[in-house]
Every structure is written in C-alpha cells, then in structure tokens.
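K.L.:
Quick one: structure below, then a few questions.
The values are calculated or read from the model by the stated rules, or taken from the named source; none is laboratory data. Here the structure is a predicted model, which means the values were calculated and not measured. Note that each Cβ is placed from the backbone with ideal geometry, even for glycine, and that neighbours are counted across all protein chains shown.
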RNA sequence: CGGGGCGUAGCUCAGCCUGGUAGAGCGCACGGUUCGGGUCCGUGAGGCCGGAGGUUCAAAUCCUCUCGCCCCGACCA
C-alpha cells in the first residue's frame, strides 16, 4: 500500500481527552477516531490490527473444534426476561423499543440467544458437546467508559459458548479453550498471566481471567512464584495470617468498657489504647438492594473484599450503611460498632482473620466507648464465619505459604464454567442414554479483541511511539523513500516495493513528499516492525538501510540483498 | 450515580477575572526555499466562541438552564 493512496493521518499532538498511553498512541497513529464517549471508529490502519488478532483467534479456536457463527446484536426482551437478567443486568444493558413498542436490547453478551438456538436444535446427548463462537460488536452502557479501547461501551469481542452433557465434558472443553487462549496470547507475544477470577454478573461456578500485565491495568492480581497460584484480588484467598499478640486484659473476667471520646477510626483507637491495629476488630455495617443491614467483622488492619461479600450475600450492589442506618443497627454513631451485644436479628458475619484474636479490642455499640479484652465464645459469637479478606502483597499464598506478589493487569480474556444457570432457566435440555431430560452444562469464553490490541500497545511502546508485536502489526514492513523527488531514489524504492508485494509481504510504502524528519517520526509512531529506507546517500553506494523498530539498529544492505534480508528478519 | 474539570478554526490552546470589530501554534491550499530525524520565508482559506434563554447601548466574556466531553470513586471483555 502506498501511503499517498492510503487513509492514514497521524498527529503530532496528543488529544487532551486521551489519558493512557495506548489510547494516546492509537489516536496519534490514526488508528481510531472517537465518535462519542466509549464509541470509536477504527480506521483502515487500525482495523488491520484487529483483523490480524481476529485471524489468530479464529485459527486457534477452529483448532479446538469451536465453530464460528454470527448472532444478532439486537435481542428481544423476552429472552432476557426468561433468564432473569432483564431485571438483574441493570443500566449497563442498553434497552430499545421498536416501532411497535416492543422491547429489545443491544446485546452485551449472548448467553440468552445462543441458549435459545441450541435448545431448539439439540435434543440428544449424541449431539453434544458443541462449541460455538462469534466475533462481534457488543454494547455495554458502562457508567464510565474510559481509557480509549480499554473500556469502551461499544467494543469488539470474541464470545464462545459450549454445551455439554456432563461436567467432565465441560472440563475437557474448558481446558481446551484455556490452552487455546494461551496460544492466542502467546502468538500475540504478550506478557500475560492466568488468574482465578470472580465470575460476576455472568454467573457460574468457576472462572479464569487472562491478564496482560501492565501498570495501567484496571485489575489488581496476586501471584505466588513458588506455587504458581495466581488470582484476581477480587477472588484471591490467603493462607493463614500470622497471629497477633493477645490484647490487654481488662479489669475483671469479662470485657471492659473504656471511654474513647471522639475516637472512631481503627488507627485512632489503636493509638489511643496503645494496641496494634491488628488487635482490633473492625465492624462495618453494609446494606444492599435488599435493604437488609448486615454487620461484618474483620481485623482492624485489613480491608473487606466487597466482591466476596456480595457473592456470599448473593446481592448485586453493596454499599456501606449511612449514619442513620448505623445508628439503627448498632445503637451508636458511626465509629463505635462492635460484635458484642448486637441485636439478635442483625446478621454478624466475621472474617476468618479475627477468629484467632485473643482479648481483642472493638467498638462497644455505644457512643464514645470501646471494649477491651473481648473473647469469642465467651462474650459473643458471629452468626457465620466467612472468608472476606481483601488479599494484598505479602500475604501468605494459600498453597505454599510464601508471600504473594501483587501486580496490575488488563483483563483481555475471561472463561467461565457456567453450569446449568442458563440452560435451567431457559429450559435448554437434552435426553440422556436413558431417555431422561437434563439441562445442558454450559461454558462461556470471552476475549476482548480491541482491548487486547490496546494491551499490546500498553506493553509495546517507547517515547516515540508504538512497537508492534509482529503478529498484530498493521503492516510487516515500512518502506520509505527519503527523497522521492530524486528519480533514482524513487525508482529503486518503487522496485523494492514491487518485489515486496510480489512475495505477499504486507508493506506500507511511505512515498510521500515529506521531509525525512517527518517520515522518521511517523515511522517510529506507527511502529511497523521492519523498516527499509532508501536514501540518496546510501543509494550512491548501492545500499539501502534496514532496521527493526524494536531496537532501531541500522543495517546497511546492498539494494540487491534487501529482499533476502527482509525475509530473514520476518522469519525470526 | 456521587465528586472535580473542560467546551473558542480540523488539532492543541490563549482571550473570559476587568463586557466594546475573534487570536496564536500545528495542520490544510498556493509560491519559494530546504532535502537522513517534525526546514525556513511569504500568501491564503477556515470560527453564528457547544446550545437556549436572560442582563446590557453592547456578551466568547456576566447570570440561569440545558447538552456534550474528560478525570477520580461503585461495574466488566
């Protein structure tokens, strides 16, 4: 492709609304244009990357027996009512009405549609398993789209769904898909890791996320170098935490109330009483869409993992109670809640981190008062013990006990074992060998195509621009004529351009009448892996210059050897 | 949805506080110059100052309301 014929316009200045590097570079390199918040046009140049990734995805999924299909983006409300998600999904679901006032939504995901199709076609265990996928535009009306393609509202996603007669069959496909995903991200030369994940609104039993490691990632994850354990912090568990020393003994046998006027936060309490924050039990009051208050106890130096809590309570939206609710639940203002003497109809859920505390400190459920020397069993007992710990760096690995390392990642893929959540709700059944009807067991497998390309840029760039991993690069070779006004330069560049094309090498030929500086800057910005420069000086000695964007080391090659050298570099 | 910020030329922004004929740089067009890391000089096109209402002799500027966008917290590929 000749640049002078191509639709590629770079910009020198970074647009003010682009925050993260991948977004800035994609806009500067002319790959995407914003149409509205979280909604982008891919230019021919940008689309090439997405197309390349899609091809890799198709190749690897086809290999494991998945079949590509295409489903409608617009979906009738009835299906979503059937699965129960019309109510549950919330505002992220973009709802529409047609001219007859019938309700539809723009699909954020396709469990309902695919389940509807399969339940009509598939009757027998002999037809299972089935694995279907599509690469399609999704729309999720995110409250806050951001970071360009990292979190768009409209985005390109590969979604796959598998149907099985047994859990074992699902396991087999799940592993095949897991491995296919690994091969996809490896093919893209991405530094990624697979973590245990929370399954969120899609639901289901177990799930794994594929995280591309990047400082700008929106997710935090922990890993153990020793055991290989890796999990999203939303899901992560820790081994047994070191036990704190017993707290101070109060006067008498039971807990002792001490006056703590105006002392509310854990740190203040600990300092005021001369104890460690780990010897304090922090009690928080939560509410949810069910409008039922619960008290949650955790060690004073730790945070509650609200995702774990929401899952445990089976609620969607969890919020800390307001002052009035806290007063109602504990009889005290915010800052003095504790597990002792709470009303019996208030659920008290305690994290394991407080289980081993001896003579701990906690709020007295009275204004300006705390208790010291409190013991579980003797003084109070939670209604349930649950793992609610937000795991962080340094916590012991649940498998090896070695300290966990924390890093950030971009979630580029997410695979779930759905079980029968949708097939049960929507009556997607098969007949087994004995002629009995059973709901199919399902798996579901997502991969963010645009996000993966953005993640590749987050990992591959320098101060001057993008450094594409070759499999995702819009072109493999950038051919540049430094002074096309000079006849011999133009002719040689044209000739090499022709030869590259003949060998089906994807070449972008910068034949623009621009000054060398402009061309070099653009070359660095758009980041094509192999660069071939034809300039007058080199040509006088019969030489062209070849370099890789990666290291920019220049190689002087006789013009006759350019093809060989390029092929060699591409073969690496 | 809560908090903060921004809408002026295609892009990045100045002008607004203190109302008085709309500006710069980049980009674009044309001429010249230059020609291995965003040359230099000149000429030119391009804007109902996000929209609506109000105050005023006069509004980009002050007030009200709206719409859009961005950033920070609760959701997800």
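K.L.:
Of all the residues that make up the stretch A:299-318, how many are in contact with a strand residue (DSSP E or B) (Cβ under 7 Å, 6 or more places away or on another chain) and either within 16 Å of RNA strand B (Cβ to nearest atom) or outside the structural domain of residue A:361 (by TED's automatic domain parsing) (or both)?
P.N.:
11
K.L.:
Of all residues in the stretch A:25-63, how many are within 12 Å of RNA strand B (Cβ to nearest atom), outside any strand (DSSP E or B) and over 20 Å from the mean Cα position of the chain (by Cα)?
P.N.:
Total meeting the criteria: 5.
K.L.:
Would a scan of the stretch A:68-75 turn up a residue that is within 16 Å of RNA strand B (Cβ to nearest atom), in contact (Cβ under 8 Å) with a residue 40 or more places away in the chain and either buried (at least 16 other Cβ atoms within 10 Å of the Cβ) or under 24 Å from the mean Cα position of the chain (by Cα) (or both)?
P.N.:
Within the stretch A:68-75, one or more residues are within 16 Å of RNA strand B (Cβ to nearest atom), in contact (Cβ under 8 Å) with a residue 40 or more places away in the chain and either buried (at least 16 other Cβ atoms within 10 Å of the Cβ) or under 24 Å from the mean Cα position of the chain (by Cα) (or both).
K.L.:
I'd like to verify a number: residues in the stretch A:454-489 that are away from RNA strand B (no atom under 11 Å from the Cβ) and either within 30 Å of residue A:157 (Cβ to Cβ) or at pLDDT 95 or above (or both), how many?
P.N.:
20
K.L.:
Check residue A:198 against each of (1) modelled with pLDDT of 95 or more; (2) closer than 19 Å to residue A:419 by Cβ; (3) in contact with a helix residue (DSSP H, G or I) (Cβ under 6 Å, 6 or more places away or on another chain); (4) within 9 Å of RNA strand B (Cβ to nearest atom) and name the one condition it does not meet.
P.N.:
Every listed condition holds for residue A:198 apart from (1).
K.L.:
Of the residues A:230, A:214, which is surrounded by 14 or more Cβ atoms within 10 Å (Cβ to Cβ), in contact (Cβ under 8 Å) with a residue 40 or more places away in the chain and assigned by TED's automatic domain parsing to the domain that holds residue A:422?
P.N.:
Checking each option against the conditions leaves just A:214.
K.L.:
So in the stretch A:520-537, with the set limited to residues that are surrounded by 19 or more Cβ atoms within 10 Å (Cβ to Cβ) and more than 19 Å from residue A:469 (Cα to Cα), which one is farthest from RNA strand B (Cβ to nearest atom)?
P.N.:
The extreme case among them is A:534.
K.L.:
Let me ask you something else. Of the residues in the stretch A:143-164, how many are near RNA strand B (Cβ under 7 Å from one of its atoms) and part of a strand (DSSP E or B)?
P.N.:
4
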